[in-house]
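Notes follow once the structure below has been shown.
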Amino acid sequence: MKRKIRLPESLAILSLVLAGHAGGASALAQEEGKSVGRGWPMAPQEGQPVVGAGTGKPFRGEEIAARNGAVPEGVTPLPIDIFTSKDFYKDRDLWTNPLYFRCNSPMGLESQWGGYGSEIIGDNPPASGAWGFCNRDYPAENIVSPYPFKTAQEHYEALLAETKAKGGPTDYTDKDLADWNGRYNDTSENWYWGRIIQTSTALSLLTPEYQKRAVQMHYHQANTNAPQWQSQYCWPEGFMRRWHEAAVRDHQLLVTKDIVQWIAGVADNFLTQIHIGRDFVQDGGTPRLGQDVPRWYGETIGFWDGEALISWTSNIKGWTVHAGFEYSDKLQTIEIYTPNRNAEGKLTSIRHEAILYDPEAFVQPIRMVRDMEKLGELSEVEPYVFIECIQTIYPVAGRPVQMTPGTTIEFTVPDMYGRPWAQMWEHYFEQHMERPEGEGLFGFQ
Amino acid sequence: MSIWKIVTALGSAGLLSASLAPSGNAHHSFAMFDDSKVYVFTGVVVRINPDANHLQIYFAPLNEERKSVLRDDVGKPVVWAVEMAGSAEVAREGVTVNNFKPGTIMSVGMHPLRSGQPAGDRQGGLFRCPDNTPPEPGKHCDAVGGHTTHGEGVLPEPKGAPEQKG
């Protein structure tokens, strides 16, 4: 889906957005419709129906359209789908059809074998995999960036020019810094979690190579039951996991004159340091602050436009997100933080809008908008827990298993910079498949 | 790709790790567990690992008479493990290193690993017997006067049982 939302359409759904969010405070940031590149409305995600299939708390109850060999009423299944295919590579023409995934969301595919605690794969797995709801989705046109920019740099420079035209950027001193310090939590629904979106819709955001990689992941979660969640082996979580509900719990925000810092994490730590007023070095392939080395969580610069904090992150190490998709070293983001305040002017949450540019992975820029609810002041809350991930799960014949201390296992050392998750799938589960050859190192021969 | 054999010397005892009732912050898929089976144990804690992602308790199950622990063919105690939510989360339930020291007698239900290895993911509440007070034969800590309950739910009904000796 390549259609972009144009401004008039955005304004037309503004009333829906405002109605879709509880409380007036959270709508404040979205009313800023005048900027060249921030605050434009996004169709409501809160309250969107769960696509399924799955059951339990992550799905807000049981959301299964049909299970154990049954087919939802009115649906004609495809002759072959992700649960019955022996070689998903041959099914490329079907990947954009929701029926190929039995109308499952990415989370629904993960839940088939019990990924979230309740198995729904049925009595004849994997062929008896459950169905999600074909009439539920969060469309791609809601997800792609509504802004006219082709690159993060272009976007950042436009926002900076807009700010300068108003006399900015705002130069805060230690005494008049924003009152944002505190503990926050991400409580708002996000399409990126894979709960309210069809798998085929998520795929439509991706380039052909990254579609292939995503379907490979979905196949080995739904069909072969070989999930390779990054943090289960204490691998890095990667930059894009910081938007995933299961990867971050409490967020600690510290605001200083020079750096605004977010730290969060569950299985690993996510550190975002926004360097205020600095510029990227532009003499290499990727804009950066430090040496020419990709960073797992990138490097970030930013500036203040009144109460809005505008940032640009670059120099990110490409990686993957389960239930999401892979992204490349070319990923860059523009992120805007704006405060939501109650009638008394007290900060209640921070609206976090992110526009993600990755020309290698995404067919066009995509967007996420969420509200970070303030839980308390740093002087009130429990100390932040820094995570050290202790590995207890090891891959055995391509599947994760919790291992007995003292056990001797056969272990293939993965190439951590060569899609280690895929190495296991390809070695243990794809020997019979006709995997398209990538462009190798030796194409000159 | 080369295959390297490595030895994972993960601890001194023949112990295993386990899992937890799925929380909103799981860091691994729970598809490794067989949720068609529920094992219920009463056993003696041998170690507790307060990992950030999942607190794990290692325990030696007691026999049906509740007189001694189960042992393997060479006489070593059989050790199972149960994984639950992150350490900070279960600390709010009173499941801590200090409250479940080695020697504590406890009862717990779990979905076991599909692989057959002795570990599982906690289901329901965790029940702690009073110190040095095992239950009556065939009973669990929830039937012992003075027990404490940790977390929500009762002990689940067993579905299947592991092979046990002793």
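Structural remarks
- Each residue in region A:299-328 was checked for being part of a loop (DSSP other than H, G, I, E, B) and within 30 Å of A:TYR116 (Cα to Cα), and 10 of them qualify.
- In region A:82-104, the residues that are over 24 Å from A:GLN48 (Cβ atoms) and part of a loop (DSSP other than H, G, I, E, B): A:PHE83, A:THR84, A:SER85, A:LYS86, A:ASP87
- Within region A:172-180, one or more residues are more than 30 Å from A:PRO49 (Cβ to Cβ), of a type in the set (S, T, N, Q) and modelled with pLDDT under 95.
- Flag for A:ASP258 being away from every other protein chain (no Cβ under 14 Å) and either in contact with a helix residue (DSSP H, G or I) (Cβ under 8 Å, 6 or more places away or on another chain) or of a type in the set (D, E, K, R) (or both): yes
- Of all residues making up region B:91-105, the number that are under 28 Å from B:SER36 (Cα atoms) and surrounded by fewer than 24 Cβ atoms within 10 Å (Cβ to Cβ): 2
- Any hit, region B:69-92, residues being within 26 Å of A:ARG249 (Cα to Cα), of a type in the set (A, V, I, L, M) and assigned to a loop (DSSP other than H, G, I, E, B): yes
- Criterion: under 30 Å from A:TYR337 (Cα atoms) and aromatic (Phe, Trp, Tyr) - qualifying residue of A:TYR417, A:TYR428, A:TYR394, A:TYR384: A:TYR384
- Exclusive hit being crowded, with 17+ Cβ neighbours inside 10 Å, at pLDDT below 95, at negative phi and of a type outside the set (Lys, Arg), set A:SER111, A:SER118, A:SER105, A:SER145: A:SER118
- Hits in region B:111-138 - residues which are within 14 Å of chain A (Cβ to nearest Cβ) and part of a loop (DSSP other than H, G, I, E, B): B:ARG114, B:SER115, B:GLY116, B:GLN117, B:PRO118
- Subset of region A:277-288 (residues that are over 24 Å from the mean Cα position of the chain (by Cα) and assigned to a loop (DSSP other than H, G, I, E, B)): A:GLY277, A:ARG278, A:ASP279, A:PHE280, A:GLN282, A:ASP283, A:GLY284, A:GLY285
- Residue within region A:362-369 that is touching a residue at least 12 places away in the same chain (Cβ under 8 Å) and more than 30 Å from A:LYS150 (Cα to Cα) present: no
- All told, A:TYR219 meets the bar of being crowded, with 21+ Cβ neighbours inside 10 Å, modelled with pLDDT of 95 or more, in contact with a Ser or Thr (Cβ under 9 Å, 6 or more places away or on another chain) and within 30 Å of A:GLY122 (Cα to Cα).
- All positions within region B:139-166 that are touching a residue at least 40 places away in the same chain (Cβ under 8 Å), under 25 Å from B:ARG92 (Cβ atoms) and assigned to a loop (DSSP other than H, G, I, E, B): B:HIS140, B:GLY151, B:LEU155, B:PRO156
- Of all the residues in region A:146-174, those that are over 28 Å from the mean Cα position of the chain (by Cα) and part of a loop (DSSP other than H, G, I, E, B) number 8.
- For A:VAL17, the conditions (1) out of contact with any Gly (no Cβ under 8 Å at 6 or more places or on another chain); (2) over 30 Å from B:HIS27 (Cα atoms); (3) modelled with pLDDT of 95 or more; (4) hydrophobic (A, V, I, L, M, F, W, C) all hold with the exception of (3).
- Qualifying residue in region A:177-186 (condition: touching a residue at least 12 places away in the same chain (Cβ under 8 Å), closer than 26 Å to B:HIS27 by Cβ and in a loop (DSSP other than H, G, I, E, B)): no
- Filtered by the rule that a residue be touching an Asp or Glu at 6+ places or on another chain (Cβ under 6 Å) and within 21 Å of A:ALA202 (Cβ to Cβ), region A:321-351 gives A:ALA323, A:TYR327, A:SER328, A:LYS330, A:LEU331.
- Filtered residue count, region B:78-109, keeping only those that are in contact (Cβ under 8 Å) with a residue 60 or more places away in the chain and over 13 Å from the mean Cα position of the chain (by Cα): 3
The values are calculated or read from the model by the stated rules, or taken from the named source; none is laboratory data. Computed from a prediction, not measured in an experiment: that's the story for all the values here. Every residue, glycine as well, gets a Cβ built from its backbone with ideal geometry; the counts of neighbours run over all protein chains shown.
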